[in-house]
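J.: Shown below is the structure under consideration.
The values are calculated or read from the model by the stated rules, or taken from the named source; none is laboratory data. The structure displayed is predicted, hence computed values, not measured ones. Virtual Cβ from ideal backbone geometry, glycine too; neighbours counted across all protein chains shown. Accessible surface areas use protein heavy atoms only, side chains included; no ligands, DNA or RNA. Shrake-Rupley method; radii C 1.70, N 1.55, O 1.52, S 1.80 Å.
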Amino acid sequence: MFRLQDSKVLAVDMTGDAVKAKNGSMVAYDGQMTFKKLTGGGDGIRGMVTRRLTGERMAVMEVKGHGTCWFADRAAEINLVQLQGEKLYVESSNLLATDAGLRTGTTFTGLRGASQGNGLFTTTVEGHGQAAIMSDGRAVVLRVSAQYPLTVDPGAYVAHQGNLRQTLQSGVTFRTFMGEGGGEAFQIRFEGDGLVYVQPSERDTIAGDL
Amino acid sequence: MSGHPGTCPVIFDPMTLPADDNVNDYTFCVELKGSQWFLQKGKMIAYYGGIEFNGIGHGPLDHLVQASFHSPLHASDWVVAQGSGKMLLADRAFDVNSFDLDEGNLTIRSGNLLAFQPSLSLKQSIIPGFLTLIGTGKFVAASNGPVVFMEPPIRVDPQALVGWADCPSPCHHYDHGYLRGVWGGLRGLTGIGGASGEEHQFEFVGAGTVLLQSTETLMSEQDRGAVPHEPGVPGGGASHGQQQGATRLPGQLGDLSRRFGL
């Protein structure tokens with residue numbers, strides 16, 4: 001059972017069940033807990049090899065026991081995500097914890113990943129349960145539906161879930177090279193049906209200053 | 001406001017997003033209905049609808065720029081958003097807030113200003129690093145921590161100053177008392193005996209409002225170049241006007257000739 005102690009600390013109440021969490025993110029616990037490092041992101045041998053190959057590394061531990069365990073990471077804001085069979089796409093660096101019952105994996109993101117400077121692969125979380133993702137400043141959750149497509153700055157994108165198609169839009173014109181660009185040279189357009197998590201801050205991206 | 005601790009996050013769509021208001025402390029939503037907004041480059045994080053971003057130098061915008069943008073030094077940092085839809089603005093997870101000006105004027109640190117309506121006109125303040133907005137309309141500013149409003153007369157720490165409205169421009173104020181005399185001069189020169197770090201303030205007098213942020217961490221800003229090299233322009237042509245050499249510390253003996261007016 002995930003709950004937010006405050007916006008930067010995640011509390012997980014456990015009764016013999018387990019969660020997967022970012023390695024070293026436990027800040028406190030009461031009750032009986034065991035911590036076990038999961039090699040290769042906890043995705044099994046095949047997942048481990050994939051993570052190695054794709055550079056989408058994730059140091060994960062399994063926490064199991066009775067009581068409450070608190071997690072936090074570099075004072076990042078934490079956002080809870082409820083999954084009912086959908087797939088959540090998130091950068092491994094933004095994933096704090098998931099229910100042990102959720103499957104994690106790696107997927108190809110295409111050009112979006114390149115425009116974010118985060119590599120071409122991203123982490124997926126799938127199944128029924130809760131996950132906690134981190135953002136720089138509290139994330140805004142935006143719904144995408146058929147009549148309302150959404151355009152997002154790659155630097156502010158954190159995660160998305162549901163059945164979404166993404167396309168990379170480029171606004172690079174000759175004016176960009178004249179130093180007269182629109183300041184938003186790369187954008188990701190989401191279409192379909194789902195949710196997008198956006199943080200109020202922009203990572204440094206390759207196209208950051210264009 | 002979204003996401004109180006322990007509750008599920010609020011999910012926004014174009015219908016539920018506020019129009020020209022804060023989504024949460026760090027995110028501001030602008031509604032465009034065929035209208036235009038000026039915004040600093042790269043502060044848009046997401047938008048619904050069809051919005052176009054163009055640099056200030058974009059030809060068709062000439063008329064608009066002529067009317068409300070009078071700050072050539074900052075031209076490369078600003079873009080015009082036009083179209084219709086809802087646009088989210090944010091800046092490095094700093095607090096953002098919108099303010100309304102009604103036939104008023106406001107001067108603000110250039111790095112803190114995120115966006116403004118074209119009904120306001122942006123001019124460069126004669127104080128380097130500050131911009132002045134004149135007219136009627138809404139603007140969005142970021143601050144490191146919530147903004148505090150104060151009324152002059154007041155002395156403020158230079159790092160905490162965000163901007164000021166309606167009152168005359170500030171002057172420097174130095175607390176020199178304790179640096180007087182030989183020992184004071186020695187202390188000022190060597191640092192022995194310690195300095196409080198609060199010897200220098202900005203002093204505001206007159207009627208108006210002073211905006212302060214609640215930390216002394218400045219928001220980083222880019223180098224804006226220099227104002228034209230002209231006689232009478234403060235800060236114009238960096239080296240000009242500083243031929244008098246190194247800054248003189250209070251209580252320092254100084255060159256005697258200058259002291260005697262020779």
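J.: Report whether or not residue B:85 is assigned to a strand (DSSP E or B), at pLDDT 90 or above, under 20 Å from residue B:53 (Cβ atoms) and assigned by TED's automatic domain parsing to the domain that holds residue B:53.
T.: yes
J.: On to the next question. Take the residues in the stretch B:9-36 that are of a type in the set (D, E, K, R) and surrounded by fewer than 14 Cβ atoms within 10 Å (Cβ to Cβ), then tell me which one is nearest to residue B:89 (Cα to Cα).
T.: It comes out as B:21.
J.: Test residue B:61 against the criterion of being more than 7 Å from chain A (Cβ to nearest Cβ), of a type in the set (A, V, I, L, M) and within 21 Å of residue A:143 (Cα to Cα), and give yes or no.
T.: Judged against the criteria, residue B:61 is not a match.
J.: Continuing with the same structure: For the condition facing chain A (nearest Cβ under 9 Å) and assigned to a helix (DSSP H, G or I), what is the one hit in B:93, B:75?
T.: The unique qualifying residue is B:75.
J.: Sticking with this one: Answer yes or no: is there a residue in the stretch A:80-101 that is open to solvent by 20 Å² or more (accessible area, probe 1.4 Å), β-branched (Val, Ile, Thr) and modelled with pLDDT of 90 or more.
T.: no
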